[in-house]
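The values are calculated or read from the model by the stated rules, or taken from the named source; none is laboratory data. Note that this is a predicted model, so its numbers are computed, not measured. Cβ placement follows ideal geometry from the backbone for every residue including glycine, while neighbour counts extend to all protein chains displayed.
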């Protein structure tokens, strides 16, 4: 009986264990990090696992300095890949801490690869002279930030116009604005309402980057969308202003895990 109990614990531990692959390259002024997070199970088992025990927080330190602090929901892809950049720090190792919804924490350490190459980070886009401004009306945004004025300016969303499958859609967000936080939402076109002759839209939180003193707003992650709809980004700037950007994606095959 004791042997069976130990075997169950061993199988359970391996089922929920993470397999993380992380690469980093340190250039003269910027460090680029790529990470692939996957569970050590087959993909069809991962679907249920990702729903019930998804990652809620990722923290990465370069030695003792926090360079990434990210909150996540189950609306990221089942095997999330993320990329980000941060300002150079004289550090040797990356220390990764992953927290699940059940409060279980897993830790990883990876050496930083240094490259003898001079790369100067250039701005991706300029701020407009007369950007569009409006009061936030969506309830989820008002609940998080209150009554705020959104400015459509300074954010670039890179994502496909069409996705053959909504379970793993690559999204990159860039900006030259000094940010306090960056939040990503999806607003999907859910069910057609015959009475109002319109399509009901459901808005959900996907993830949030809490910027650090070393952050560069150049983030990439794979998300999931149940139906066609919009990606909405809200950037809270260091000066207290709020900026936004939106991109529509046509989803051919529903991607709910």
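At a glance:
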item	result
Some residue of the range 182-189 being at pLDDT below 90 and either in the same structural domain as residue 72 (by TED's automatic domain parsing) or part of a strand (DSSP E or B) (or both)	yes
Count of the range 98-126 residues which are modelled with pLDDT of 85 or more, surrounded by fewer than 16 Cβ atoms within 10 Å (Cβ to Cβ) and within 21 Å of residue 207 (Cα to Cα)	4
Subset of the range 224-256 [surrounded by 20 or more Cβ atoms within 10 Å (Cβ to Cβ) and either over 27 Å from residue 135 (Cα atoms) or touching a helix residue (DSSP H, G or I) at 6+ places or on another chain (Cβ under 7 Å) (or both)]	224, 234, 251, 255
Number of positions in the range 155-181 that are in a strand (DSSP E or B) and more than 28 Å from residue 213 (Cβ to Cβ)	3
Those residues of the range 190-215 which are over 21 Å from residue 150 (Cα atoms) and at pLDDT 90 or above, in sequence order	212, 213, 214, 215
